[in-house]
Structure formats: C-alpha cells, structure tokens
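Heads up, the thing below is written out as structure tokens.
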Amino acid sequence: MTNPDIRSLALVTGASSGIGYELARLFAADGHDVIITATGTNGDLNRTADAVRATGAEAIIVEADLTDYDEVEKLADTVKQSGRPLAAAALNAGVDVGGYFVDQTDLADEIKMIQLNVTSQVHLTKRLLPDMVKRGEGKLLYTASISGTMPTPYEAVYGGTKAFLISFVESVKEENKDSGVTFTLLLPGEVDTPFWHRAGMDTTELGLGVKAAPTKVAHEGYEAMKAGKDRIVSGKPGSKFIGRVVNNILPDTLKAAAHAGGAEPGSGLKD
C-alpha cells in the first residue's frame, strides 16, 4: 500500500536552465520530490534546487555527465536507492552543434552530442522503464525537437539525433502500449535558452530570431505528459505550424533548403 504521506518522485535531466529548470519547478509544484541532474559542478543546478525546495518539495542533486556510461549508471542508481518508485521522468538533456559540417564543426563535439542526445536517452530508458512496466504505471517525457521531423543543414548531426529519438520513443511506446506507462514526445521549435549560444549559432537567423519562452514550452510539455498524449509540437505559432503541417507535406529537399536559410552561419546578419 502506498503511504499517502510520502510524496511521489520525479526525475529531470538537463535541469540547470531553460526547459529543464521549468519542468523541475512544475513537478515540484504538482506534489513531486525531484531528482535533478546536469553536467558538472553548476551553480545553476543549485538555483533549480532552491526553486524546487521553495514549494516544499525535496530536491535531490546529482551532478552527472550523461555522455559517460558510468555517470548515467550513477544517476540510475540514485533513482533505485531512493527506495521510492519513479512516478515520472523528463529526459530533457540535450545539446546542439551548429556550423558547416565539412570544416566548421568539431567531430569530438558531435560525438559527445550523439552520446548525450541519443545514447543517454536509450540508456536511461533501459534502466527506468522496466520498473514502470512492472508496476503498470509511470510517465516518460522526452524533449525532442521539430528538427527531428526534417533535414537540418548546418545542424546536420543534431537533427539526426532528434530524428532517432522520435523513432526510438515511438517504437518502445508501441512495444509497451498495454503496460500502463505513457510516452510523450515534446517537440519544441526555437526556445529562448542558452542552447543557441552553446551551439555556436549566434549569427544565424534561428539564433537571433523570435523565440518561445521556456516557461511556455515546459508547461505545454508537462500538461501533455500528464494527459498521456503521444506528442506535442510546442512553442511559438510559426513553429507549431511547421511541426504540425509543413513538415508533413513538403518533401525533404524543400525542408532542407528552408532550414538551411535559417541555420547557415551569418544568415541572421544579412540585410
């Protein structure tokens, strides 16, 4: 029997800023204690913990580099050692690397991006899902991107990682459709976070253009997860139109050309 005095437990990766920070706050305000994780010793993660604790919830900090196998195992062990079932997990951690693939991007950075955006998602799902299936309940929210629904020139590897994530989640969801576990894909467009600067896309039209607030995107994703929806295209109206309509109609060659216009280095500085 579940003890009503024990709060349910949630996990948020990439919780130091942006969408992850907002998701951690939403879980806490909704009655969850929250395991939060990000890479390295990061004051921003303490800021997230303070925001969680301000609601009366417990914040459990796990500093972990999810590009490293052993660090992912450490995070999974923290969940297991909590002694509580994991009610929900928002697998939100992700990065981008922008630029011309031939000579502007670094292979080591791209490999680390694949390890974070792809490998860690598979790894954590493998560790968290079996217990949820065994219990017949649980919610998984994955931060993908509308980039996963189109070719993404000048973000060539990034778009591929998000396309993989969408395919992976849809596949595992079908395998477990009668398990009681829900899988929700959050597909944002451009969001106002440090993401673009970290990707080296400060001079691009996408990097300099109008963006959705992370509070809005996190709220839309959280509500979709609570409702057990399969996916939600989130963000500003233009992003939603592209994700819901345009990318389901146009051929890949046209989608690639359109994306290149916004992601090409210097595109945001043109008259």
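Before moving on, here are some points about what is shown:
- Centroid-to-centroid separation of segment 130-174 and segment 216-265 [C-alpha atoms, Å]: 14 Å
- Note, ³J(HN,Hα) from phi for segment 44-51, Karplus 6.51, -1.76, 1.60, rounded to Hz, x at Gly and Pro: 5, 5, 5, 4, 5, 4, 4, 5
- Backbone HN-Hα couplings from phi across segment 169-185 [Karplus 6.51/-1.76/1.60, Hz, Gly and Pro as x]: 5, 4, 5, 5, 4, 5, 4, 10, 5, 10, 8, x, 8, 9, 10, 10, 9
- Residues with amide H under 5 Å from that of TYR154, placed H, sequence gap 5 or more: PHE101
- Cα-based shape type of the chain, given that a ≥ b ≥ c are square roots of the gyration tensor eigenvalues and the cut on a/c is 1.5: prolate
- Residue-wise HN-Hα couplings along segment 133-141, as the Karplus relation 6.51 cos²θ - 1.76 cosθ + 1.60 with θ = phi - 60° gives them from phi, are 5, 4, 7, x, 7, x, 10, 10, 10 Hz; Gly and Pro carry x.
- Percent carbon-and-sulfur accessible area, the chain, ignoring ligands, DNA and RNA, probe 1.4 Å: 54 percent
- Per-residue SASA remark: ARG198, around 150 Å² accessible (1.4 Å probe; ligands, DNA and RNA not included).
- The chain: most fluctuating residue of ILE19, ILE60, ILE35 per GNM, C-alpha cutoff 10 Å: ILE60
- Solvent exposure of segment 106-231 as accessible area per residue, Å², 1.4 Å probe: 44 Å²
- Basic side chains Lys and Arg get +1 at the Cβ, acidic Asp and Glu get -1 at the Cβ, and with that the dipole of the chain about its Cα centre reaches some 900 debye.
- Taking amide H positions as modeled 1.01 Å from N, with prolines and chain starts lacking one, the residues under 5 Å from ILE60 and 5 or more places away or on another chain are VAL34, ILE35, ILE36.
- Applying a threshold of 27 Å to the alpha-carbon distances of LYS126/LYS216; LYS80/LYS240; LYS173/LYS226; LYS162/LYS216; LYS126/LYS162; LYS139/LYS240 flags LYS126/LYS216; LYS80/LYS240 as lying beyond it.
- Taking amide hydrogens as placed 1.01 Å from N in the peptide plane, the amide H of THR203 sits under 5 Å from those of GLY266, each at least 5 positions away in sequence or on another chain.
The values are calculated or read from the model by the stated rules, or taken from the named source; none is laboratory data. Please read all numbers here as calculations on a predicted model, not as lab measurements. Here the Cβ is made from the backbone with ideal geometry for all residues, glycine too, and neighbour counts use every protein chain on show. Areas reflect the complete protein model, heavy atoms only, side chains present, ligands, DNA and RNA absent. Shrake-Rupley method; radii C 1.70, N 1.55, O 1.52, S 1.80 Å.
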